[in-house]
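Q: The structure follows.
The values are calculated or read from the model by the stated rules, or taken from the named source; none is laboratory data. The model shown is predicted, which means the values in this text are computed figures rather than measured ones. No Cβ is skipped: glycine too gets one built from the backbone with ideal geometry, and neighbour counts run over all protein chains shown.
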């Protein structure tokens, strides 16, 4: 019975950690997806980009560096993923604290009855 | 063969080669005193936690950072805008540094107040003061690395302060800057200090500090000792470690939330010829020292005000380092005066920081 309970708690912790990481990797995966296009491996689509017209080339001036960079999520997907991750993180923390409190109670009880003391053995 | 048998086999294999049972036996016997001051003992492991976070996020940032005059600011910009989750990693690094320094201050001040530095723990205190200096130097050297106008101006002011030290001042300033002025040499010097020299020094002193704590154990606070309280103890493993885990989880959550909601921004690249921007201030942990230097007049009798201020700060630092040797006997009056100084120092630091922030 005790083993079963332990196993259930263990599975729950694994699930929480896994789901937290999953939400984190969703953000990473989204960011990469924007850069790595699988069509790049399709030879039929390997065509040169259209050449810029002379007017467009003349208009193109060297970009000025920004005065200040204020970091923030780049798109709505990234910001949603971050909020989901934060929610999961705090939920995981709450559940883990609940489990650790149970463990503390048990460890204190064993210490109070001198379960591990050599005299008792 | 089930999982339990496999894990037992692996543990037996490791035990045969590493002899880990000695460590486990030590951890099982290790105890932590239980009293109303026990809360301060959590700060020690918290510092280790934040140092670990600093190391991990620092390595991740170092993959992309380039310590050259042209690329330093651009590479930090790229970390924030192009590297996936780069801005969060930089933000965690920034906030974790502040958390670490704040907890180092709390840790040292709590030891000062409960007088845990008394015989035989003098060397533990002294190694702790070294760790404080290394941690502050980490903050100072790291501040320049984004190479924006604020960090350049703050470094110019910061590296100019040692110039007021009598005799050795000029040499210290030149050594810090790698020349007469802040330049590309200063940047590479600060970078090597930040990622190589300081971590090695800190790890070395940290090992000594942790060894001394394990060897001498944790002290019973003087107030509890004076009341003649019986020594109540709690096993370190697992009872105390479980309690520490709760604190780690909560502060870890707060750190990540702060890093997401309040990430540090990046100003435009520094120009060595440009005048210093108005209202430059150092990081919050140097504000009380910065304000102290500001309130001194330009000249006191025949000596420069800065020289007097820096000399006084150095004398205070030396007294702080040798505190266990000054407060070495459990004399009622002397001990109380030294505790009063601890409270006065906290009041002074808070007041000066508030003045600098509001002024």
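Q: Taking the options B:99, B:130, name whichever one is crowded, with 20+ Cβ neighbours inside 10 Å and either within 13 Å of the chain's Cα centre (by Cα) or part of a helix (DSSP H, G or I) (or both).
A: B:99
Q: What helices (runs of 4 or more DSSP H) lie completely within region B:231-325 and have 2 or more residues being away from every other protein chain (no Cβ under 14 Å), surrounded by fewer than 18 Cβ atoms within 10 Å (Cβ to Cβ) and over 25 Å from the mean Cα position of the chain (by Cα)?
A: Per the criteria, B:305-321.
Q: Just one of B:94, B:105, B:63 is under 26 Å from residue B:136 (Cα atoms), surrounded by 16 or more Cβ atoms within 10 Å (Cβ to Cβ) and more than 14 Å from chain A (Cβ to nearest Cβ); which is it?
A: Answer to the check: B:105.
Q: Of the numbered conditions (1) closer than 17 Å to residue B:39 by Cα; (2) under 10 Å from the mean Cα position of the chain (by Cα), residue B:113 fails exactly one; give the number of that condition.
A: (2)
Q: For residue B:51, are the conditions met, namely being farther than 23 Å from residue A:86 by Cβ, buried (at least 16 other Cβ atoms within 10 Å of the Cβ) and at pLDDT 90 or above?
A: Against the criterion (farther than 23 Å from residue A:86 by Cβ, buried (at least 16 other Cβ atoms within 10 Å of the Cβ) and at pLDDT 90 or above), residue B:51 qualifies.
Q: Got at least one residue in region B:31-45 being at pLDDT 90 or above, in contact with a helix residue (DSSP H, G or I) (Cβ under 7 Å, 6 or more places away or on another chain) and under 25 Å from residue A:78 (Cβ atoms)?
A: no
Q: Just the residues that are crowded, with 16+ Cβ neighbours inside 10 Å, more than 16 Å from residue B:144 (Cβ to Cβ) and either touching a strand residue (DSSP E or B) at 6+ places or on another chain (Cβ under 6 Å) or at pLDDT 90 or above (or both), please, taken from region B:159-171.
A: The answer is none; no residue qualifies.
Q: How many residues are in contact with a helix residue (DSSP H, G or I) (Cβ under 6 Å, 6 or more places away or on another chain), modelled with pLDDT of 85 or more and over 18 Å from residue B:356 (Cα atoms) if we restrict to region B:267-299?
A: 3
Q: May I ask you to verify whether residue B:45 is within 14 Å of chain A (Cβ to nearest Cβ) and in a helix (DSSP H, G or I)?
A: So residue B:45 fails the test.
Q: Taking residue A:87 and the conditions (1) farther than 30 Å from residue B:87 by Cβ; (2) loosely packed, with under 15 Cβ neighbours inside 10 Å, which numbered condition does it fall short on, given that it satisfies the others?
A: It is condition (1) that residue A:87 fails.
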